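One structure is given below, encoded as C-alpha cells.
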Amino acid sequence: MSIRSIIVIAAMLGMTAPGSAQQTDTQPDTQQADTDQDTVQADTITDEDALRQLEQKFADAFIAKDIDAIMALYNPYVLVYDVVPPRQYLGLANYRKDWETYLGSIDGTPKFQIDNLAITVEGNLGYSTSIQKVSGTDTKGQSFDFAFRVTDVYRKTNNGEWQIVHEHVSVPVNLENNTPDLSSKE
C-alpha cells in the first residue's frame with residue numbers, strides 16, 4: 001500500500017493527511033533540514049516503536065481474551081472489513097459485538113502470534129501489514145488453526161496516542177472452488 005493509498009483512506013475517514021493545512025505536525029525549514037534530520041528520523045523510529053507496542057498490546061489482550069483492552073486500541077469511528085460477515089463494521093460498538101462473539105467461541109487460552117509485521121509511518125498516519133496466526137480449541141471441542149492477512153491504518157491523536165482507524169482482515173480464496181485458505185502457509 002502506498003502513502004497515496006493511506007491519504008485516500010484518510011480522506012474517506014475524514015482524517016487529516018500529512019502535509020495538509022490542518023496538520024498539527026510542523027516540517028523543519030529548509031535551512032535546518034540537515035541538522036533536524038536526526039530528530040525527524042528519531043521521531044519516525046519512535047512512532048514505529050509505538051505502533052509495534054500497540055500491536056503487542058493487541059496480541060496480549062487477544063491471548064487474555066480481554067475485550068476492553070482490545071477495544072481500547074481502536075478509534076471510536078473505526079471502519080473494519082473483517083473476514084466474517086457482515087461486509088463491514090462501522091464504529092466501535094458494532095465491532096465490539098463481533099469480538100465478543102469470536103472470543104466467546106474460544107475455549108481456554110488461545111495461541112496467537114503476529115508474523116511479518118511491516119510498519120510505515122508518515123506524519124500522524126501509519127499503516128501496517130502482517131500475518132496473524134491463532135490456534136486453540138473452540139467451545140465445541142474442535143481444534144482450530146487459522147492465519148489471517150491483516151492491514152491496519154493508524155492515526156496519531158492530538159494527545160500523541162495511536163489508534164487503529166481502519167482494519168482489513170482477509171484470507172486467500174481459491175477462486176476455482178470458492179474455498180478460503182484459513183491456514184495460508186505462504
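Any read-out appearing in this document is the output of simple, stated calculations on the displayed coordinates, not a laboratory observation. Values in this document were obtained by computation on a predicted structure and should not be read as measured data. For neighbour counting, all protein chains shown are included, and Cβ atoms are generated from backbone atoms with ideal geometry for every residue, glycine included.
The alpha carbon gyration tensor of region 92-147 gives principal lengths a ≥ b ≥ c with a/c of 1.5 or higher and a/b no greater than b/c, which makes the shape oblate. Put a dot 7 Å past the Cα of Thr46, heading toward its Cβ, do the same for Asn94, and the two dots end up 3.6 nm apart.
For region 90-186, the residue among Val171, Gln113, Gly126 whose Cα projects farthest onto the positive side of the dipole built from Cβ charges is Gly126. Across region 49-132, Cα-Cα distances exceeding 16 Å account for 59% of all pairs.
About its Cα centre, the dipole of region 51-175 is roughly 120 debye, where the only charges are +1 on Lys and Arg Cβ and -1 on Asp and Glu Cβ. Please order Asp98, Asp145 by the number of other Cβ within 10 Å, starting at the fewest. Going from sparsest to densest Cβ surroundings: Asp145, Asp98. Under the combined filter of DSSP loop state and at most 12 neighbouring Cβ atoms within 10 Å, region 56-91 retains these trypsin sites (Lys or Arg not before Pro): Arg87.
Taking only the alpha carbons of region 42-186, we obtain Rg and Dmax values of 15.5, 49 Å in that order. Based on the convex hull around the alpha carbon atoms, region 106-186 presents an average projected area of 7.4 nm².
Ordered by the number of other Cβ atoms lying within 10 Å of each residue's own Cβ, fewest first, Arg52, Arg155 fall into the sequence Arg52, Arg155. Taking the fewest neighbouring Cβ atoms within 10 Å as the starting point, the ordered list for Tyr154, Tyr102, Tyr127 is Tyr102, Tyr127, Tyr154.
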